[in-house]
Amino acid sequence: MTAPSEGPISWEMAERVATRIAGRQPWLAPGRLSVLEEDFAELTAEAEELVNEETGLQPTTGPARARVTDRPGWVLANVASFQRLLRPLTQKLEAAQSKPAPMLGPVPMRVPPQVSRNIGGAQLGVLLGWMSTRVLGQYDQLLIEDESPEDQDIVYYVGHNVIALEDRYGFQPRQFRLWIALHEVTHRAQFTGVPWLRPHFLSLVSSLIEGVDPDPRHFLDALKRAAAQARDGHNPLDEGGLVALLASPEQRDALDHIGGFMSLLEGHGDVVMNKVAEGRIPQAPRFAHTLQQRRERKGAAKVVSSLVGLDAKLKQYEQGERFIEAVEKVGGRELFERVWEGPEWLPTLAEIREPSLWAQRAGDLSQTA
């Protein structure tokens, strides 16, 4: 249970709303979950060995630990991660709330703090609750060693979602579970096998958060820009959901760096998963096809995924894979693996979309190294 908190977001409200939504999950016999836990403990270790052999990335924090959870358990873990990640932003918003209300016309724009906290918590709760019904596995890269180390560096699997898909589509369980583990363990190898990667990721997020304007008028200006884009025939949510919609010009630069970074990692996760699965997981092509169809949402689910930026995330998989394939076609794996040498080697979002730009810059970096 999330402890009562102060600040502009009611985290306990977020957990309460998300858990209520997440709790609508199919009943599973305890025996099935026990088998799932045993399988993922074994298959995560197997996946880690295969990924390390394929990528050459060696985690420095010990062996991967698998944790099978239900949807409410996933919600609780992610509320804690959001609290840590957004702490600088919530502190900034809390400071802004203590200042006189800005004037919008003749009436000050002010919402009672508790009402505002509950609204923010409820909105976050709805999004996390909905996402808990979709996610299969997740590696939490927000390692903070002085906060509950037993809950850090965990590879999560949402048991009810995994079994529901296996039952619905007739997947071979052991193959499907190893396939999922390969992708998540690849992310762990990235963040624990490349020493500078996690600090760099957190610095990018911090630069984005530091640029947030807590003035409500900024939100109104963003809505005006979105309306103008819509009139021109563009979806203002295509490039990252509400975060991109609210971004200032300075923040958009940070978003582009984060977008390139995440496209690289997500694409790499899929490329490694597919390479390792070849010859080992006969049903892997069927898994990939089925999940791709599942990602192509319609109706209300499509609206929600656009708002939270999941559509942009799905593009990251595709663009990242195409980037890696194009780079390796030019210079082989040796050229691609230079991305792990330092932050300056990471591709920007523009380079992800046009790999030849990165290949040219990588050549320049090699000459100056």
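Quick notes on this structure:
- Within the range 31-90, considering residues that are basic (Lys, Arg) and in contact (Cβ under 8 Å) with a residue 60 or more places away in the chain, the one surrounded by the fewest Cβ atoms within 10 Å (Cβ to Cβ): Arg84
- Selection status of Gly137, in contact with an Asp or Glu (Cβ under 6 Å, 6 or more places away or on another chain) and at pLDDT 85 or above: yes
- Of the criteria (1) under 19 Å from Phe82 (Cβ atoms); (2) at pLDDT 85 or above; (3) of a type outside the set (A, V, I, L, M, F, W, C), which one Gly279 fails: (1)
- Any hit, the range 153-170, residues being touching a residue at least 40 places away in the same chain (Cβ under 8 Å), in a loop (DSSP other than H, G, I, E, B), within 25 Å of Glu53 (Cβ to Cβ) and acidic (Asp, Glu): yes
Every residue, every condition in (1) modelled with pLDDT of 70 or more; (2) open to solvent by 70 Å² or more (accessible area, probe 1.4 Å); (3) under 30 Å from Glu328 (Cβ atoms), yes or no:
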residue: Arg231; (1), (2), (3): no, yes, no
residue: Asp238; (1), (2), (3): no, no, yes
residue: Leu242; (1), (2), (3): no, yes, no
residue: Pro249; (1), (2), (3): no, yes, no
residue: Leu255; (1), (2), (3): yes, no, yes
residue: Phe261; (1), (2), (3): yes, no, yes
residue: Glu266; (1), (2), (3): yes, no, yes
residue: Val271; (1), (2), (3): yes, no, yes
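- Among the residues listed as Glu296, Glu334, the single one being modelled with pLDDT under 95, under 23 Å from Asn52 (Cα atoms), among the charged types (D, E, K, R) and open to solvent by 70 Å² or more (accessible area, probe 1.4 Å): Glu334
The values are calculated or read from the model by the stated rules, or taken from the named source; none is laboratory data. Bear in mind that the values here come from a model prediction, so they are computed numbers and not experimental data. Backbone-built Cβ (ideal geometry, glycine too); neighbour counts: all protein chains shown. SASA here: full protein model, heavy atoms, side chains in, ligands and nucleic acids out. Shrake-Rupley method; radii C 1.70, N 1.55, O 1.52, S 1.80 Å.
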